[in-house]
Amino acid sequence: MLGVIVNVITVIIGSSIGLLFKKGIPEKVSSAAMTGLGVCTLYIGISGSLCGENVLILIASVVLGVIVGTLLDIDGAVNRLAQKVEAKFRKENSKVSIAEGIITATLLFCVGSMTVTGSVQAGINGDNSVLITKAVLDLVSSMMLASTLGIGVLLSAVAVLVIQGGLVLLAELISPLLSTGAINEMTCAGSILIIMIGTNLMGITKIKVADFLPAILLAPIIYNIVPLFEKLTGLFA
């Protein structure tokens, strides 16, 4: 839960700073910060991807995962949800409401591949590096949001605690059911997504990372299917 706590604290600090600077954070400052964080995220992803034991499992997980994600249009669903909520709370010719600030910030901080991947890694193997990197990203984002959307962004820290904390606890519950090899493949697949997030943050790519999320769930399943397949092929050899 360390990563979740750090994330909550950074949202509170960032929002507080943003409320003090109502004119907003200079774009060149936020852009430079995002590029730097993108490089760090890329490094974390590459490091984590080396724990995989079978590259074929990784390839199958990612390819099948993005096929499933694309067919389900996960990225589109997330964007449509964000647009609907934003449209519901946004009112023309009126000041930004607290509700709009809470909803917008919660969607930004909690609905995304980095949230899922980071929470899964923190819950399964205690690796908080992704959540802490996300916390730094949210520090910058909360400053910019709070300077325009107000105190609602600060209140969204509660949602970060509940949603991310819940995902970490859920991952901890299922971790005893997974073997070390399955966890490694799951971490490897998740790290590939983190690499994509890093390149997106750096402005190199515009990958719909959310569509790749099923790869994290498919990795341990494929890992357990491979030995069964090998046994079956051995019987008919």
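Rounded to the nearest 10 degrees, the angle from helix 180-201 to the longest Cα principal axis of the chain is 40 degrees. Using θ = phi - 60° in the Karplus curve 6.51 cos²θ - 1.76 cosθ + 1.60, the 3J(HN,Hα) couplings for segment 48-54 round to x, 6, 7, 7, x, 9, 9 Hz; x is entered for Gly and Pro. Values of log10 I(q)/I(0) for segment 2-235 across q = 0.10 Å⁻¹ run -0.49, by the Debye formula with one identical scatterer at each alpha carbon and no solvent.
Taking amide hydrogens as placed 1.01 Å from N in the peptide plane, the amide H of Leu213 sits under 5 Å from that of no residue at least 5 positions away in sequence or on another chain.
Karplus-derived 3J(HN,Hα) values for segment 138-155, using 6.51 cos²θ - 1.76 cosθ + 1.60 with θ = phi - 60°, are 5, 4, 5, 4, 5, 4, 5, 5, 5, 5, 10, 9, x, 5, x, 5, 5, 5 Hz; glycine and proline are entered as x. Helix 2-20 and the longest principal axis of the Cα set of the chain meet at an angle near 20°. What is the angle, in °, between the Cα long axis of helix 113-125 and the longest principal axis of the Cα atoms in the chain? Nearest 10 is fine, range 0 to 90. Between helix and principal axis, roughly 60 degrees.
The chymotrypsin sites (Phe, Trp or Tyr not before Pro) of segment 130-237 that DSSP puts in a loop, and whose beta carbon has at most 12 other beta carbons within 10 Å, are Phe236. Positive contributions from Lys and Arg (+1) and negative ones from Asp and Glu (-1), summed over other residues with Cβ under 12 Å from the Cβ of Thr10, come out at 0.
Note on segment 2-235: Lys pairs 8 or more places apart or on different chains, Cα atoms under 22 Å apart, count 10.
Couplings 3J(HN,Hα) for segment 130-136, derived from phi with the Karplus relation 6.51 cos²θ - 1.76 cosθ + 1.60 (θ = phi - 60°), are 5, 5, 5, 4, 4, 4, 5 Hz, where x marks Gly and Pro. Put simply, when 186-194, 141-149, 39-47, 174-182 are sorted by average Cβ atoms within 10 angstrom per residue, most first, you get 186-194, 141-149, 39-47, 174-182.
Every number in this text was worked out from the coordinates using simple rules, so none of it is lab data. What you see is a predicted model; the values in this text were computed from it and never measured. Here Cβ is always computed from backbone atoms with ideal geometry, including for glycine, and neighbour counts include all displayed protein chains.
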